[in-house]
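Student: Handing you this structure, nothing more for now.
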Amino acid sequence: MLLSSQNLVNFVACQLFALLMAVWFRLYLHPSKTSPFIRHVVATLLGFYLALFCFGWYSLHFLMQSGLSYSVMVFAGLEHMHKYCFIVTLGYLILCQITRVYVFDYGMYSADFTGPMMVITQKITSLAFEIHDGLTKREGQLTPSQKYLAISRMPSLLEYLSYNCNFMGILAGPTCSYNDYMAFIEGTGYQPRHQENANGKENGKYKQSEPSPKNDVISKLCTCAISLFIYLSLCKLLPVERSINDDFVNNTPFHLQVIYLYLAMLALRPKYYFVWTLADAINNAAGFGFNGYNKDGSPRWDLISNLRILDIEFATSFKLFLDNWNIQTALWLKRVCYERCPINPTAATFLLSAMWHGVYPGYYLTFLTGIVMTMAARAVRHNIRPYFLVSDSHKRIYDVITWACTQVAISYTVVPFVLLAVGPSFKFYRYVCLIELCVELLTLKSIKLSVTLKDCCHEIKDNSSKDDSNQSSDMGKRPGCNNGHGVD
C-alpha cells in the first residue's frame with residue numbers, strides 16, 4: 001500500500017488514534033474486567049469509525065464483502081463452503097480493484113479502500129478453510145498447524161465482524177488466525193505460552209504476572225520513526241523511475257545502474273517497515289501478539305509481526321528474503337494455496353499473490369519473474385552451495401556472493417511492481433534483461449558444474465579403487481608376500 005502525502009497524514013493520524021485506543025482497551029477493557037461481548041462490540045465499532053473516517057462511504061464495501069462471505073459460510077454446505085467462500089471473497093476484492101483502477105484513477109496508486117479489503121480477504125478465506133478443517137476432517141487428515149488453526153464451531157456474526165474489522169487491524173492488518181484473536185479477546189492468549197518458559201520448565205513468576213508489551217511497543221515506535229525519516233529523506237532522491245530514463249541509461253555504466261537500482265529499492269522499503277511495524281505496535285499495545293518467552297525470560301511480542309528487518313536486508317537467498325517479508329501474507333498463501341494445491345503449488349501461489357495484490361499488469365510481471373527467480377535460486381543452492389561448506393572461510397565467501405545476488409535479484413524482480421504499467425515495465429526489461437539472462441545462464445552453469453564435479457568425484461573414486469586393486473595385486477607378486485595369507 002503506497003501512500004500519497006494527504007493519505008499518509010490521514011493514515012498516521014488514524015493509526016496514532018488507534019494506538020491510544022489500544023492502550024485504553026488493554027487497561028480499561030481487560031478480560032478480567034469486562035466480558036468478551038463488550039470487547040467484541042468496542043473493537044468492532046472503533047474499527048468501523050476509523051474506516052469511515054479514512055474512506056468515507058467506500059468503507060461499506062468492508063461490510064458488503066464480509067456479509068456476502070458470511071452468508072456463504074452459513075448457507076453453503078460444509079463440504080464445499082470454503083471453496084465458494086474463497087471465490088466470492090476474492091472475486092469481490094478483484095471487482096473493487098478493477099473498478100478503482102480502470103474506472104477512477106489508473107496509475108494513482110494510493111491508500112485506497114481496497115487496501116483494508118485485502119486484509120479482510122485473507123481473514124475470511126483463512127476462516128473458511130479453518131472451519132472446513134475443523135468440522136469436516138478427522139485429526140489424522142490435518143497437519144499439526146492445521147490442527148491448531150481448525151475451528152470446531154461456526155462463529156457468531158459479532159465474533160466474525162470483530163475478527164475482520166477490529167480497530168487494531170482495519171487499516172493495515174496484519175492478518176491473524178481466528179483462534180489467536182479469540183484467545184486475545186477472551187484473555188486466554190497468555191496461558192499456553194506463559195505456563196512454561198523457553199527451557200520447558202514452569203516459571204511461577206510468569207504465571208503470576210501478565211507480561212507487559214511496553215518495551216516492545218516503544219521499540220517498534222522508534223523503528224517506525226526511523227523508517228519514516230529514512231523514507232521521506234530518500235524517496236525523492238532515489239526514484240525507481242530514473243532506472244528507465246533514457247539519459248540515465250545511455251550515460252551510466254551498467255554496473256552503476258545495478259547499484260542505483262539496489263539503492264532505489266533500499267530507499268523504498270522503509271515505507272513498508274513503517275506501516276507494518278506501526279500496525280504491529282498497535283496490536284501489541286492492546287495486548288495482542290504475545291508469543292511466549294525468549295531464552296533470557298523476556299516476553300516475545302512477535303506472534304503477528306509482518307517482517308524482520310535485519311533478516312530482510314541481510315538475506316542470502318530469495319527464499320530467506322520472502323520468508324521475512326510480509327510474513328502473515330506468506331503464511332496465508334501457504335495455508336490456503338501452497339499446502340492444498342495439487343498441481344504446481346509454487347506457480348499457483350505466485351498467481352494467487354498477484355491476483356490478491358490487484359489488477360495492475362506490473363504485479364503479474366513481478367510474480368511471473370518471481371517464479372523464474374525462485375526456481376533459479378533453488379537450482380543454484382542445491383547444486384553449488386554444498387561445495388562451499390567445506391570451511392568457514394568458503395561459507396563466508398558464499399554468503400557474501402549470495403547476499404549481493406539476492407539483493408540484485410529482488411530489486412530486479414519488484415521493479416514492475418513499483419512501475420505498475422506495462423509500458424514502463426517492458427522498457428525496464430528491455431534495458432536490463434541482461435540480468436535475467438545471467439540468472440538463467442548461471443542456473444544452467446550451476447547444474448552443469450554440479451554434474452561435472454560429481455563426475456570428477458566418481459572418476460577419482462574409480463581411479464583410486466583401480467590403483468588400490470593394482471597395488472594389492474603387485475604386493476601379492478613381491479618376494480616375502482603370500483597373497484594376504486601370511487608371511488612365510
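Student: State which residue is most open to solvent (accessible area, probe 1.4 Å) when the search covers only the stretch 239-253 and only residues that are of a type outside the set (D, E, K, R) and within 22 Å of residue 417 (Cα to Cα).
Tutor: So, considering only residues that are of a type outside the set (D, E, K, R) and within 22 Å of residue 417 (Cα to Cα), the one most open to solvent (accessible area, probe 1.4 Å) is 245.
Student: So, one more: Restricting to the stretch 305-319, and then to whatever is part of a helix (DSSP H, G or I) and open to solvent by less than 20 Å² (accessible area, probe 1.4 Å), can you tell me which residue is modelled with the highest pLDDT?
Tutor: 312
Student: Quickly run through the stretch 261-299 and pick out the residues that are charged (D, E, K, R) and surrounded by fewer than 24 Cβ atoms within 10 Å (Cβ to Cβ).
Tutor: Of everything in the stretch 261-299, those that are charged (D, E, K, R) and surrounded by fewer than 24 Cβ atoms within 10 Å (Cβ to Cβ) turn out to be 269, 271, 295, 296.
Student: Somewhere in the stretch 282-292, is a residue under 25 Å from the mean Cα position of the chain (by Cα), of a type outside the set (S, T, N, Q) and within 18 Å of residue 420 (Cα to Cα)?
Tutor: No, every residue in the stretch 282-292 fails to be under 25 Å from the mean Cα position of the chain (by Cα), of a type outside the set (S, T, N, Q) and within 18 Å of residue 420 (Cα to Cα).
Student: Can you tell me which residues in the stretch 230-258 are among the hydroxyl-bearing types (Ser, Thr, Tyr) and either closer than 21 Å to residue 412 by Cβ or in contact with a helix residue (DSSP H, G or I) (Cβ under 6 Å, 6 or more places away or on another chain) (or both)?
Tutor: If the condition is that a residue be among the hydroxyl-bearing types (Ser, Thr, Tyr) and either closer than 21 Å to residue 412 by Cβ or in contact with a helix residue (DSSP H, G or I) (Cβ under 6 Å, 6 or more places away or on another chain) (or both), then 231, 243, 252 are the ones that fit.
Student: Further, regarding this structure: Quick check on my filter: what residues within the stretch 254-295 are part of a loop (DSSP other than H, G, I, E, B) and either without any contact (Cβ under 8 Å) to a residue 24 or more places away in the chain or among the hydrophobic types (A, V, I, L, M, F, W, C) (or both)?
Tutor: Residues satisfying the conditions are 286, 288, 290.
Student: Which of the residues spanning the stretch 146-192 are open to solvent by 20 Å² or more (accessible area, probe 1.4 Å), part of a loop (DSSP other than H, G, I, E, B) and touching a Phe, Trp or Tyr at 6+ places or on another chain (Cβ under 7 Å)?
Tutor: Of everything in the stretch 146-192, just one residue is open to solvent by 20 Å² or more (accessible area, probe 1.4 Å), part of a loop (DSSP other than H, G, I, E, B) and touching a Phe, Trp or Tyr at 6+ places or on another chain (Cβ under 7 Å), namely 190.
Student: Considering 134, 47, 140, which residue is assigned by the TED database to the domain that holds residue 184 and in contact with a Lys or Arg (Cβ under 9 Å, 6 or more places away or on another chain)?
Tutor: 134
Student: Looking only at the stretch 305-322, count every residue that is closer than 29 Å to residue 212 by Cβ and within 11 Å of the chain's Cα centre (by Cα) and tell me the total.
Tutor: 5
Student: Now for a different question. Pairs, please: C-beta under 7 Å, at least 6 apart or cross-chain, first residue more than 22 Å from residue 277 (Cα to Cα) and in the stretch 19-41, second among the small types (Gly, Ala, Ser) and outside any helix (DSSP H, G or I)?
Tutor: Filtered contacts from the stretch 19-41: 31/187; 32/187.
Student: To continue, here is another question. What is the residue count in the stretch 122-168 for residues that are closer than 18 Å to residue 72 by Cα and out of contact with any Ser or Thr (no Cβ under 6 Å at 6 or more places or on another chain)?
Tutor: 21
Student: Taking the stretch 340-367 only, how many residues are more than 25 Å from residue 114 (Cβ to Cβ) and either open to solvent by less than 30 Å² (accessible area, probe 1.4 Å) or assigned by the TED database to the domain that holds residue 99 (or both)?
Tutor: Adding up the residues that qualify gives 1.
Student: Somewhere in the stretch 370-390, is a residue in contact with an Asp or Glu (Cβ under 9 Å, 6 or more places away or on another chain) and β-branched (Val, Ile, Thr)?
Tutor: yes
Student: Condition first: surrounded by fewer than 17 Cβ atoms within 10 Å (Cβ to Cβ) and in contact (Cβ under 8 Å) with a residue 40 or more places away in the chain. Now tell me which residues in the stretch 320-339 satisfy that.
Tutor: The one that is surrounded by fewer than 17 Cβ atoms within 10 Å (Cβ to Cβ) and in contact (Cβ under 8 Å) with a residue 40 or more places away in the chain: 339.
Student: Might you check whether a residue that is under 23 Å from residue 234 (Cβ atoms) and touching a Lys or Arg at 6+ places or on another chain (Cβ under 7 Å) occurs anywhere in the stretch 293-307?
Tutor: Checking the stretch 293-307: not a single residue is under 23 Å from residue 234 (Cβ atoms) and touching a Lys or Arg at 6+ places or on another chain (Cβ under 7 Å).
The values are calculated or read from the model by the stated rules, or taken from the named source; none is laboratory data. Since the model is a prediction, treat every value here as computed from it, not as a measurement. Glycine gets a Cβ as well: all are built from the backbone with ideal geometry, and neighbour counts include every protein chain shown. Remember, those area values only see protein heavy atoms, side chains included, never the ligands or the DNA or RNA. Shrake-Rupley method; radii C 1.70, N 1.55, O 1.52, S 1.80 Å.
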